[in-house]
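One structure below.
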Amino acid sequence: MRVKHIENNKKDLVINFSLFAFLYFFVTYNREYIRPLYAGDSFSGILTGSYSNFAAAYIISLFSVAPIFFKNLNKGKSRLVFYGFAVLLFLLLILEKFSPFAGASKVYDVYDIIASTLGNLLAFTIFEIIIRIKK
């Protein structure tokens, strides 16, 4: 039983590290290459400028999915853990916009809040799809 627990923890770590690497790569690629290309266009500038908030809300919310499924939590507890984590993350992202504490936020922008909201909603949707498939 202990060996299975250690294997699951390693799987959690690998999955979450992969998600973090994916997030870091795409946010950096967006900041260095895509955003400068579209900075002059208002609509594209908004999309590329808010992408990092969308990606952070979406991908970091999914960090809790692997531990939930490897621990075989029931549907009710799974939802409680996932939604609790995702809502806490969302609140931290919003707080960062109003009162920067992590150095990620340079400018207050309502579009960043909208992007964070959309990222969380997409994470909620993906989680619910995964729950239904697992069922």
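The values are calculated or read from the model by the stated rules, or taken from the named source; none is laboratory data. Computed from a prediction, not measured in an experiment: that's the story for all the values here. Quick reminder, even Gly has a Cβ in these numbers, built from the backbone with ideal geometry, and neighbours come from all protein chains shown.
Residue-wise test of (1) part of a helix (DSSP H, G or I); (2) more than 20 Å from Thr117 (Cα to Cα); (3) among the charged types (D, E, K, R).
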position: Lys11; (1), (2), (3): yes, yes, yes
position: Leu19; (1), (2), (3): yes, no, no
position: Leu23; (1), (2), (3): yes, no, no
position: Val27; (1), (2), (3): yes, no, no
position: Leu62; (1), (2), (3): yes, no, no
position: Leu73; (1), (2), (3): no, yes, no
position: Phe85; (1), (2), (3): yes, no, no
Checklist entry - Inside region 118-135, can you point out the residues that are surrounded by 16 or more Cβ atoms within 10 Å (Cβ to Cβ), of a type in the set (A, V, I, L, M) and more than 11 Å from Ile59 (Cα to Cα)? => result Ile130, Ile131
Next on the checklist: Tell me yes or no: at least one residue of region 1-10 is aliphatic (A, V, I, L, M) and under 20 Å from Thr125 (Cβ atoms).
Outcome noted: no
Next on the checklist: Checking Phe54 against (1) under 13 Å from the mean Cα position of the chain (by Cα); (2) in a loop (DSSP other than H, G, I, E, B); (3) of a type outside the set (A, V, I, L, M), only one condition comes out false. Which one?
Outcome noted: (2)
Checklist entry - What about Val27, is it without any contact (Cβ under 8 Å) to a residue 60 or more places away in the chain and either in contact with a Ser or Thr (Cβ under 8 Å, 6 or more places away or on another chain) or within 28 Å of Asn9 (Cβ to Cβ) (or both)? => result yes
Next on the checklist: Quick check on Asn72: is it exposed (fewer than 15 other Cβ atoms within 10 Å of the Cβ) and polar (S, T, N, Q)?
Outcome noted: yes
Checklist outcome for this item: Checked against (1) loosely packed, with under 15 Cβ neighbours inside 10 Å; (2) in contact with a Lys or Arg (Cβ under 9 Å, 6 or more places away or on another chain), Asp112 satisfies every condition except (1)
Checklist entry - Does Ile68 satisfy the criteria of being farther than 18 Å from Tyr24 by Cβ, in a helix (DSSP H, G or I) and modelled with pLDDT under 90? => result yes
